[in-house]
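Q: Supplied in structure tokens, the structure appears directly below.
Any read-out appearing in this document is the output of simple, stated calculations on the displayed coordinates, not a laboratory observation. Every value quoted in this text rests on a predicted model; they were computed, and no experiment measured them. Note that we place each Cβ from the backbone using ideal geometry, even for glycine, and neighbour counts take in every protein chain shown.
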Amino acid sequence: MNYCWTHIYGGLFRCPWPECAEGQPEAEFEFHGKHVSRQRFGDVVDQPVYAWVVDGVNAAYVAAQLARRAIAQVNGAPSLAEDGYLYHFTSAAGLRGILASGELWLTDYRDFIDDAEIRDGLTVAKATFDTFAPDVHSYTREIFRRLVGSPLAGEVYVACFCMLKDAPYHWSAYAADSSGGALVMDPLGFERLIASDPFAIQFSRVAYVWDVKAGLFAHLAVWLDELIRFDVEREVFDADAYLREMAQIFGELLPMCKDVSFFREHEVRLVASPASSRFGLGSRLRARRQNGRRHVTTRDVLGDFSLPIEKVLLGPMFAADVRSLNIEKSKLEQ
């Protein structure tokens, strides 16, 4: 697998961008008897990008690749609290469990308690797709219809963090009316976890404003339609291949969306999408079910990963025995 962080590319071949230091010098070449050529897309939206296309093979994978690239540019998660940390709020029992195990749960998004989050993303997606519908290919419209009609086709696991230390809503809702606490984590400490499978594991900011959410689905729509037209012209269009790729991306986009009324949460999510893995993540994950919710842990994702906990903030109503917390006393604050 080859990666180019400059152009947010990952694939079997080297970066397709011309003159990239990580790139392939030839514009075309042979691979296992197939002709491979560099193609330029995105001129219709004045955002030129490049991809490798194999003769006789549909380009659904390219549509997925370009959509993920655009989404990463729009919705990366560089914004952190002023002190540079992320905060995971939980109850006293949650603190004990995480500190004892050294693991953080990632919950299957399909099992979130409040399905309003899913409905919010679907509402924005349908409105965005309806805007594009009159101008796109009929095959694109059919995929739009099927995406909003049967979302969440695959597993997407999510762990939630807050960008704010002083977050009254989180202390109330997630830290059991301030009787729990907050794990203070260094986001740079997750680099090794993400680098183990960077196209399947990522940090993403939650989008609350309608225009930002619509922009995410618009990127999917633009690349989907351009690549479908490209494949129709080459007579290699495969509806099932496109639907599989887009269904996975659609399932990754929904956890990035929340109604604007939740803006006070200032949330960042660690998202693991097994179907996007290039290194067999799905084969390593065995979801457990507790209280009706499926989850995996950070150590399921990467076996020797240690949570980058800098300290633990205890809520003002924390009444449990601090000796039950598996952490140095010097890292406890109240």
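Q: ³J(HN,Hα) across region 258-266 via Karplus (A = 6.51, B = -1.76, C = 1.60, θ = phi - 60°), whole Hz, x for Gly/Pro?
A: 9, 4, 4, 5, 9, 3, 5, 6, 6
Q: With viscosity set to 0.890 mPa s at 25 °C, what whole-number translational diffusion coefficient in µm²/s follows for region 123-233 from Stokes-Einstein and a Kirkwood radius over Cα pairs?
A: The Stokes-Einstein estimate is 140 µm²/s.
Q: Can you tell which of 167, 315, 32 lies farthest toward the positive end of the dipole of the chain, using +1 and -1 charges on the Cβ of basic and acidic side chains (Lys, Arg; Asp, Glu)?
A: Of 167, 315, 32, it is 315.
Q: To continue, here is another question. Work out the charge dipole of region 77-333 with +1 on the Cβ of Lys and Arg and -1 on the Cβ of Asp and Glu about the Cα centre, then indicate which of 200, 100, 220 is farthest towards its positive end.
A: Sorting the options by dipole projection puts first 100.
Q: Taking every pair of distinct Cα atoms and averaging 1/r, then inverting, what Kirkwood hydrodynamic radius in Å comes out for region 1-57?
A: Kirkwood radius, region 1-57: 11.8 Å.
Q: Could you go through region 168-179 in sequence order and give the Karplus-derived ³J(HN,Hα) for each residue, using 6.51 cos²θ - 1.76 cosθ + 1.60 with θ = phi - 60°, rounded to whole Hz, and x for Gly and Pro?
A: Those phi angles translate into x, 4, 5, 4, 7, 7, 9, 9, 6, 6, 6, 8 Hz.
Q: Here's something else I'd like to know. Give me 304, 130, 111 ranked fewest to most by other Cβ atoms within 10 Å of their Cβ, as a rough exposure proxy.
A: 304, 130, 111
Q: Once amide H atoms are placed 1.01 Å from N in the peptide plane, what residues at a sequence separation of 5 or more from residue 311, or on another chain, have their amide H within under 5 Å of its amide H?
A: Counting only residues 5 or more places away or on other chains, the set is 184.
Q: Could you give me the radius of gyration and the Dmax of region 102-166, taking only the C-alpha atoms into account and expressing both in angstrom?
A: Expressed in Å, the Cα Rg and Dmax of region 102-166 come to 16.0, 51.
Q: Dipole of the chain, Cα-centred, from +1 at each Lys and Arg C-beta and -1 at each Asp and Glu C-beta, to the nearest 20 debye?
A: In total the dipole reaches around 960 debye.
Q: Provide the gained length on full extension for the span residue 101 to residue 333, in nm with one decimal, where the gain is 0.36 nm per separating residue minus the Cα-Cα distance.
A: Here the segment from residue 101 to residue 333 would lengthen by 81.5 nm.
Q: DSSP loop (so not H, G, I, E, B), at most 13 other Cβ within 10 Å: list which chymotrypsin sites (Phe, Trp or Tyr not before Pro) in region 1-64 pass both filters.
A: Hits after loop and neighbour filter: 5.
Q: Which three semi-axes in whole Å describe the equivalent ellipsoid of the chain, each the square root of 5 times a Cα gyration tensor eigenvalue, listed largest first?
A: Semi-axes, largest first: 39, 22, 17 Å.
Q: Please compute one quarter of the surface area of the Cα convex hull for region 187-334 and express it in square nanometres.
A: Convex hull of Cα atoms, orientation-averaged projection: 12.8 nm².
Q: Sorted from largest to smallest, which semi-axis lengths in Å does the alpha carbon gyration tensor of region 192-260 give for its equivalent ellipsoid, taking the root of 5 times each eigenvalue?
A: Working through the eigenvalues yields semi-axes of 26, 18, 9 Å.
Q: Apply the membrane-span-like helix rule to the chain: whole DSSP H runs, Cα extent along the own long axis of at least 18 Å, mean Kyte-Doolittle hydropathy at least -0.5. List the helices found.
A: Span-like helices, by this rule, are 60-74, 116-132, 210-234, 239-253.
Q: Right, something else. Is it possible to state the helix-based mean residue ellipticity at 222 nm for the chain, with each DSSP H run of 4+ residues giving -39500 (n - 2.57), the sum divided by total residues, to the nearest 500 deg cm²/dmol? What is it?
A: That calculation yields -10500 deg cm²/dmol at 222 nm.
Q: Please compute the Kirkwood hydrodynamic radius over region 247-334, one decimal place, Å, based on all pairs of different Cα atoms.
A: Result for region 247-334 stands at 16.8 Å.
Q: I would also like to ask the following. For region 208-289, which trypsin sites (Lys or Arg not before Pro) are in a loop by DSSP, counting at most 16 other Cβ atoms within 10 Å?
A: Counting only loop positions with at most 16 other Cβ atoms within 10 Å, the trypsin sites (Lys or Arg not before Pro) in region 208-289 are 278, 286.
Q: Would you mind checking which residues have amide H under 5 Å from residue 9's amide H? H placed 1.01 Å from N; only 5 or more apart, or other chain.
A: 4
Q: Using just the alpha carbons, could you tell me how many Å³ per residue the convex hull of region 1-105 encloses?
A: In region 1-105, the Cα convex hull volume per residue is 187 Å³.
Q: Over region 167-209, what lengths in whole Å, largest first, do the semi-axes of the equivalent ellipsoid take, defined as the square roots of 5 times the eigenvalues of the alpha-carbon gyration tensor?
A: Square roots of five times the eigenvalues give 27, 15, 8 Å.
Q: Can you count the Lys pairs in the chain with C-alpha separation below 30 Å, eight or more apart or on different chains?
A: Lysine pairs satisfying the spacing and distance rule in the chain number 11.
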